[in-house]
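Structure first, then comments.
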Amino acid sequence: MRDAKVLAAACAAASAYNALLTDSGPGHGPCANLTPGACTARPSPRTSTCGAPSMAERHLTPSKITAWLDCAAYLDLKHQVEAGIQAAPSLGQGSFAQLLTDKGLLHEAAVLATYRARGLRVVEAPARGDRESFSTWAKRVGPLLHATDWDVRYQFPMVHNGIRGVADFLLRQEAGHGAVTVEPVDAKLARKEAKPGHVLQLSFYAEAIAAATGTLPERMHLWLGSGDLETLLVADFDAYWQRLCSGLARTLELEVSTSAAVPEPCAHCAFCDFAGVCDARWRSGDSLVYVAGLSCADRMVLHDAGVATLDALASCTAQVPGVPEQRQSRLVAQARLQRQARAQDEALPPPFSLVQAGEDPVFGHGFAQLPEPDPGDVFLDFEGHPFWRADRGLFFLFGLIQQCADGTWEYLRWWAHHEAEEGEWTAELVEHLAERRQRHPGMHVYHYNHTERSSLEALVEDHGVAQVALTALVETGAFVDLLPVVRNAVQIGAESYGLKAVERLTGYERGHDVDAGAGAVLEYERWMCDGAQDALDAIAAYNEDDVRATRAVRDWLVQHRPADLPWRPAVLDPADDLPELDARVEALHAYGSGTPEHLLGDLLGYWRREWKAYLAPRLVACEGDTEDLLAEPTVLADLKLVGQVERLGKNGKPIRPLMRFRFPPQECALEDKVLFPVVDGPPAFADIARLDVAAGELDLVWSTGLQKQGVFPAVVAHDSWFTPRPKPAALSALADAVLNPAVAANPVALALLRGELPRFLPGRGPAGGIFTDDLDAMLGWTAALDGTCVAVQGPPGTGKTYRAARQIRALLQAGKRVGITAFSHHAIDNLLEAVVEVYRDLDELEDLHAVKKGGPATWTSGEVAHVSANRAAAAPTFALVAGTTSFCSATHYSYRRSPKRRTQERAAAARLSTSSATR
Ligand code: SF4
């Protein structure tokens, strides 16, 4: 459903474009019969169902359609080139786009090798003839789909409904009774999940397969760069694909020479061959797209108000309806500075103005985020290759400058040419920074943009190194990102606030240049191909320039900050649990890598890492430009404080007050909780008491903690964190038990941690020591397990629930107390229901004493008691107890062992340590 949601957004964008076409002038609007739902024929982008001439000379490919989703103007330009009325753009070979193409081909080759290694019959489509048209080629090879001598077709050309494409792979499978299925498979570099364009390409291949074989495939697949195969149901996306085809049909009916889509900057521009064409068009029109910090929504409102150029915005004195006053004055000031910069000698530093602190709690307060300079300060920058391999990127250079005792600044660098080195140097870098902070408690690690800090956090987690040390540095405020400082302290006559633009304020002269960040990637790729040392030297020189320029920007900010403004505290208060966690982890890690204790040390930080992975992107999102945030539904931006609203409880006494904010129109997907960053402290959290999007009002419950913090948000982000509180506590209790034999530890948890094999009461284990799925055999050993566990695994529909329900009855009959747990109530209810059925079928319901804690009250007939309190569920009257993993981690179920049991466990532990020593 996630993909369906993404596609819905994509199709909404496509619909918006179609609306634009409708307005494009008389004679060029879409055929009324093509309105979705009005025409019963399946729309084809090449064959108008209303008899309009088809544009047979235009060619569509799935990748063109993907680009069209991002950018309405792309197809127009592409067709204008094909029609000879627009010069072909340079294809950017040797660029980042070419690099991606090459990496994509390598990934495809790896997938091909995987199919071959699996012993599948892989057959490549016959090659296209020298002068053969694509359609003729597809027609010639099409019948091969019906052959039976293949399992995988590679690079298979297909033409259907005016769209042509080459499917990476087609999978053929016998579906029984002589039926055969053919399913499309694409290889893409995306690592986490399919993107809308990828799914639509597959939808096209699925439809083409249906046309060729008479059967619409049920499934389609994507081999992601991570190596995972993502399988999607064709039916989930077919409706979107059909709707998209309607939009394409309308687009193709337009005359090439009169197509009127206006290029708008989008994510595709970075890879687009027409980037130069659009740039020239925007510049010649003095477009607003180059006003720094101006959003697409701003552009539309300003355009509608007749303020369509940078010059017009710079001259604008009247208030534009729909743009808040403060925002307009910020945008006008920006445009004026850029106009001033255009008029002066390019070699001069750009004009700037310092932003005065005002009502806005963020804009104008950049200088307040600066700590006092310290001799121990460090300036840091990384270089990385996002597509080092299809399944992972690589940070290949960590560079920094620091001041030596003689006052000079030295440049240190660490090269990582493979994963192990990346982990090694990550650990060494963090150790270096931590050690420096010990010697210089007031030192900070300056970087430009959040990448260095957030990448370092990801790296320590990936490699399992230096996590505690880095957390201590981050939480005590050692890292200082200068980009938000700049953005909220100064306005500059530049089109961007990137480092290269901002360093021009300082007069810093770069000694070297590798073009840009992507240039470093290309240079590194060159070194990977032919080992060219000059490529590494060029990257290092570029990296050194970046860190020295970062220092120049920091010094410039220090020179220009108001002299009477207090410095940000050098050291911020860390979270409370850090030292304790640190000590437990250290003690467990002292057992050495590869031991169960070391593993438990890693597990202790699991929820903390989850929390950080959850929190970090939300805090970063809150730091964006207001104009971008207004288009982001998971945050509510540009909040203006109205004031405190007092409240009385039912008894007439004052209860926690509300804090009321107003906000401008924006999309909003907030629910019941929000979080927001606090400049010099940990983030703050608040419950939503009232959110009226139409009225632009938000009431937050103003807790005592928030009252003490005394900070008010300008941006809040949706908070959906469900606290795992009892789980970290349960892990900590297990750690305490492992570290201190006097504390009781649950033997099953220990067995799981140690990876012990199942043990049974003498003579009661599976026959011959072999597990089978025979129910009688399973019931034979179920109640004889001796302090260990057995994992039963199987795909859906193989009878796990059926067997588990009967095993539970066997355990209850043996006088055991049984727990059912899962992450979701749905999964718990599923098994509980199966247990109830077993007892009902045997007419033994009166013997079942079951309770379920929390969740929906599915059982109202009394077969299962439903309680809301942990203590009630823990009552000894219940023999079968069900609840989520949070409930089962609660202290009511903490393990307490009898003296007799303790003696047995010690003996078992002694046996085990002897046997593991001899293994
Ligand atoms: S450069 Fe951007 S706006 Fe222009 S055609 Fe390409 S994607 Fe569209």
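Return yes or no: is ARG662 open to solvent by 50 Å² or more (accessible area, probe 1.4 Å) and touching a Gly at 6+ places or on another chain (Cβ under 7 Å)? Talk me through it step by step, then tell me what you get.
Working: open to solvent by 50 Å² or more (accessible area, probe 1.4 Å): yes; touching a Gly at 6+ places or on another chain (Cβ under 7 Å): yes.
Considered against the rule, which asks whether it is open to solvent by 50 Å² or more (accessible area, probe 1.4 Å) and touching a Gly at 6+ places or on another chain (Cβ under 7 Å), ARG662 comes out as yes.
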- Item | Positions within the range 811-838 being over 17 Å from ALA882 (Cα atoms) and among the hydrophobic types (A, V, I, L, M, F, W, C), in sequence order | ALA814
- Message: Can you report the number of residues in the range 814-840 which are open to solvent by 50 Å² or more (accessible area, probe 1.4 Å), in a helix (DSSP H, G or I) and free of Cβ contacts under 8 Å to residues at least 24 places away in the same chain?
- Response: 2
- Message: Just to check your reading of the model, which residue among PHE367, PHE352, PHE363 is among the aromatic types (Phe, Trp, Tyr) and open to solvent by 60 Å² or more (accessible area, probe 1.4 Å)?
- Response: PHE352
- Task: Can you work out which of the residues in the range 166-189 that are buried (at least 16 other Cβ atoms within 10 Å of the Cβ) and among the aliphatic types (A, V, I, L, M) is nearest to the chain's Cα centre (by Cα)?
- Result: LEU189
- By my count, helices (runs of 4 or more DSSP H) wholly in the range 392-500 with at least 1 residues that are open to solvent by 50 Å² or more (accessible area, probe 1.4 Å) and touching a residue at least 40 places away in the same chain (Cβ under 8 Å) are 419-439, 451-463
- Query: Can you tell me which residues in the range 862-877 are on the phi < 0 side of the Ramachandran plot and either of a type in the set (Gly, Ala, Ser) or touching a Leu at 6+ places or on another chain (Cβ under 9 Å) (or both)?
  - Reply: GLU863, VAL864, ALA865, SER868, ALA869, ALA872, ALA873, ALA874, ALA875
- From (1) open to solvent by 30 Å² or more (accessible area, probe 1.4 Å); (2) part of a loop (DSSP other than H, G, I, E, B); (3) among the charged types (D, E, K, R), pick out the condition that doesn't hold for LYS612. (2)
- Query: From the set of residues in the range 373-389 that are at pLDDT below 90 and surrounded by fewer than 21 Cβ atoms within 10 Å (Cβ to Cβ), which is nearest to TRP567 (Cα to Cα)?
  - Reply: PRO386
- Report yes if some residue within the range 758-779 is among the aliphatic types (A, V, I, L, M) and more than 30 Å from GLU846 (Cβ to Cβ); otherwise report no. yes
- Task: Look through LEU641, LEU629, LEU648 and report the one residue that is touching a strand residue (DSSP E or B) at 6+ places or on another chain (Cβ under 7 Å) and without any contact (Cβ under 8 Å) to a residue 24 or more places away in the chain.
- Result: LEU648
- Query: Taking the condition assigned to a loop (DSSP other than H, G, I, E, B), hydroxyl-bearing (Ser, Thr, Tyr) and farther than 28 Å from PRO726 by Cβ, does THR798 pass?
  - Reply: yes
- Message: Can you tell me how many residues within the range 41-94 are modelled with pLDDT of 50 or more, among the basic types (Lys, Arg) and closer than 13 Å to ILE163 by Cβ?
- Response: 1
- Enumerate the pairs (first residue in the range 309-328 and over 16 Å from ALA292 (Cα atoms) and open to solvent by 40 Å² or more (accessible area, probe 1.4 Å); second residue anywhere and in a helix (DSSP H, G or I) and not polar (S, T, N, Q)) with beta-carbon separation below 6 Å, excluding pairs fewer than 6 apart on the same chain, so at least 6 apart or on different chains. GLY322/VAL301
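Conditions (1) more than 16 Å from the ligand (Cβ to nearest atom); (2) at pLDDT 95 or above, marked per residue:
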| residue | (1), (2) |
| --- | --- |
| PHE271 | no, no |
| PHE274 | no, no |
| CYS278 | no, no |
| ARG281 | no, no |
| ALA292 | yes, no |
| ASP298 | yes, no |
| ASP304 | yes, no |
| VAL307 | yes, yes |
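The values are calculated or read from the model by the stated rules, or taken from the named source; none is laboratory data. Just so it is clear, the structure is predicted and the values come from calculations on it, not from any experiment. Please note: Cβ atoms are built from the backbone with ideal geometry, for glycine as well, and neighbour counts cover all protein chains shown. Areas reflect the complete protein model, heavy atoms only, side chains present, ligands, DNA and RNA absent. Shrake-Rupley method; radii C 1.70, N 1.55, O 1.52, S 1.80 Å.
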